[in-house]
2 protein chains.
Amino acid sequence: MALGKDYATQECSIAGALEIVGERWTLLVVRDALYGVRRYNDFLVHLGIPRAVLASRLQALTAEGILEKRRYQESPPRDEYVVTDRGIALWPTLRSLGRWGREHLGEARLRYFRHATCGTELGPYGECATCGTVVPVPDVEMVPGPGLDPDPADPVSRALLKPRRLLEPIDTRHA
Amino acid sequence: MALGKDYATQECSIAGALEIVGERWTLLVVRDALYGVRRYNDFLVHLGIPRAVLASRLQALTAEGILEKRRYQESPPRDEYVVTDRGIALWPTLRSLGRWGREHLGEARLRYFRHATCGTELGPYGECATCGTVVPVPDVEMVPGPGLDPDPADPVSRALLKPRRLLEPIDTRHA
DNA sequence: CAACTCGGTTCAATGAATGAACCTAAGGTG
DNA sequence: CACCTTAGGTTCATTCATTGAACCGAGTTG
């Protein structure tokens with residue numbers, strides 16, 4: 001899907017965007033990256049994605065400048081994938097997609113998103129009604145809702161049971 | 001992708017939404033429906049999608065209540081696919097995806113979206129700065145930009161060269 | 001030294017997408 | 001009437017992507 005031979009004739013920036021992030025699993029990888037997931041194994045267990053597909057998606061997202069591969073320890077050599085500004089810019093899209101899913105598929109409230117500095121729940125497009133501004137992604141606090149499994153199997157889901165800010169790295173060693 | 005056996009374990013409304021509209025071609029079909037495309041053949045020539053895939057996507061979108069199949073003439077029997085409120089609700093998502101595509105993939109201005117009643121260009125989330133409101137989709141005017149091919153091959157693209165409102169049905173017979 | 005973790009790659013089997021051909025029902029033209 | 005065209009599909013063989021399991025190598029822990 002990312003080879004220019006597909007949506008290339010579309011003359012449309014929606015089609016162009018989908019060339020990059022429209023493949024299966026890709027937007028969920030970006031979502032997890034915004035939630036603070038950084039390590040290969042954490043993506044793996046949280047998404048339930050085949051290893052080969054994850055490796056391919058991480059590589060593609062890195063090549064597109066949406067994630068950045070970064071060494072975080074030398075011995076043993078370990079890399080993490082950190083979301084870039086270009087990836088952070090996908091937050092409004094993911095936010096509106098999530099809202100559509102909840103409103104039109106009748107899903108229970110799984111997570112709330114609030115303005116961390118004032119506690120107001122975010123509006124449809126990520127804005128704070130109290131402050132009258134679009135909330136910067138690092139100031140968005142993610143709070144678990146009532147529909148969430150209280151005792152999930154994987155350590156990433158367990159870490160996400162606590163309120164936390166977007167982008168804040170997840171440490172699965174103490175979960 | 002739409003069988004519940006894929007993203008089903010995600011506990012996430014983003015994953016739920018992607019179950020429905022995350023398949024290849026699906027969001028482009030919805031985009032075209034918002035642009036006013038209604039007929040099988042118009043989707044076909046405008047998207048360059050294989051016939052079998054288009055038939056499958058139209059059926060799935062109809063089953064999900066995003067499009068509505070409606071007979072518009074009896075002899076010969078002809079049906080059109082009209083976007084529903086649930087489909088219209090995907091406009092903010094498509095809008096933000098398109099913005100991301102233009103800003104981060106360096107695409108030329110292909111189309112502008114304006115508030116039809118006052119002429120102001122839409123903000124990032126489809127709001128009108130002049131009126132201070134989120135513009136209802138039927139009041140969004142789509143205007144071709146400088147990057148667009150001035151003489152496209154297919155009649156749908158030709159019809160889209162004129163400024164027009166979203167949802168306004170495209171008539172390819174006089175294009 | 002054995003076992004384990006992390007971050008992958010390789011491989012066979014399955015499933016989806018593709019493009020061409022075909023089909024049906026109706027209408028238009030000569 | 002014979003023939004061609006249009007709209008809206010279906011069917012089919014080929015190609016391509018996804019899947020899940022197995023394997024691997026570097027390094028670390030017991």
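The values are calculated or read from the model by the stated rules, or taken from the named source; none is laboratory data. Just so it is clear, the structure is predicted and the values come from calculations on it, not from any experiment. Every residue, glycine among them, receives a Cβ derived from its backbone with ideal geometry; neighbour counts consider all protein chains shown. These accessible areas exclude ligands, DNA and RNA; they are computed on the full protein's heavy atoms, side chains included. Shrake-Rupley method; radii C 1.70, N 1.55, O 1.52, S 1.80 Å.
Dimensions of the range A:91-169 along the principal axes, based on C-alpha atoms and rounded to the nearest Å, stand at 38, 30, 19, largest first. Springs between Cα atoms under 10 Å define the GNM used for chain B, and in it the highest mean-square fluctuation of B:GLU103, B:GLU11, B:GLU64 occurs at B:GLU11. With contacts taken as Cα pairs under 8 Å and at least 6 residues apart, the range B:91-168 reaches a relative contact order of 28 percent. The value obtained for the protein assembly as shown, namely the Cα convex hull volume divided by the number of residues, is 142 Å³ per residue. Between the exposed loop cleavage positions of chain B, defined as trypsin sites (Lys or Arg not before Pro) in a non-H, G, I, E, B DSSP state with at most 13 neighbouring beta-carbon atoms within 10 angstrom, the longest gap is B:6-108.
For peptide B:124-135, the mean count of partner chain Cβ atoms within 10 Å of a residue's Cβ comes to 2. Within the protein assembly as shown, the cysteines lacking any other cysteine Cβ closer than 4.7 Å to their own Cβ are A:CYS12, A:CYS118, B:CYS12, B:CYS118. Here B:GLU68 yields copy-to-copy label distances, from shortest upward, of 4.9 nm, the label point defined as 7 Å from Cα along Cα to C-beta. When the alpha carbon gyration tensor of the range A:8-86 is reduced to an equivalent ellipsoid, its three semi-axes come out at 24, 14, 11 angstrom, largest first. Length gained on full extension, B:ARG51 to B:GLU103: 15.5 nm, using 0.36 nm per residue less the C-alpha separation. Going from the chain on its own to the full set of protein chains, the range A:23-43 has these residues losing 10 Å² or more of accessible surface (heavy atoms, 1.4 Å probe, no ligands, DNA or RNA): A:ARG24, A:TRP25, A:LEU27, A:LEU28, A:ARG31, A:TYR35.
The simple Förster model, with R0 at 35 Å and r as the Cβ-Cβ distance, assigns A:ARG165 and B:ASN41 a FRET efficiency of 0.10. Using the beta-carbon distance between A:TYR72 and B:GLU68 and R0 = 51 Å, what value does 1/(1 + (r/R0)^6) give for FRET efficiency, to the nearest 0.05? With R0 = 51 Å, the Cβ-Cβ based efficiency is 0.50. Comparing mean-square fluctuations of B:ASP139, B:ASP151, B:ASP42 from a GNM of chain B with C-alpha springs under 10 Å, the top value falls on B:ASP151. GNM on chain B, C-alpha springs below 10 Å: top fluctuator among B:LEU34, B:LEU97, B:LEU161? Top of the fluctuation ranking is B:LEU97.
Annotation for B:ASP79 and B:ALA129: the two label points, set 7 Å from Cα along the Cα-Cβ direction, are 4.5 nm apart. Hey, could you get me the Stokes-Einstein D for chain A, Kirkwood radius over alpha-carbon pairs, 4 °C and 1.567 mPa s, rounded to whole µm² s⁻¹? This corresponds to a translational diffusion coefficient of 75 µm²/s.
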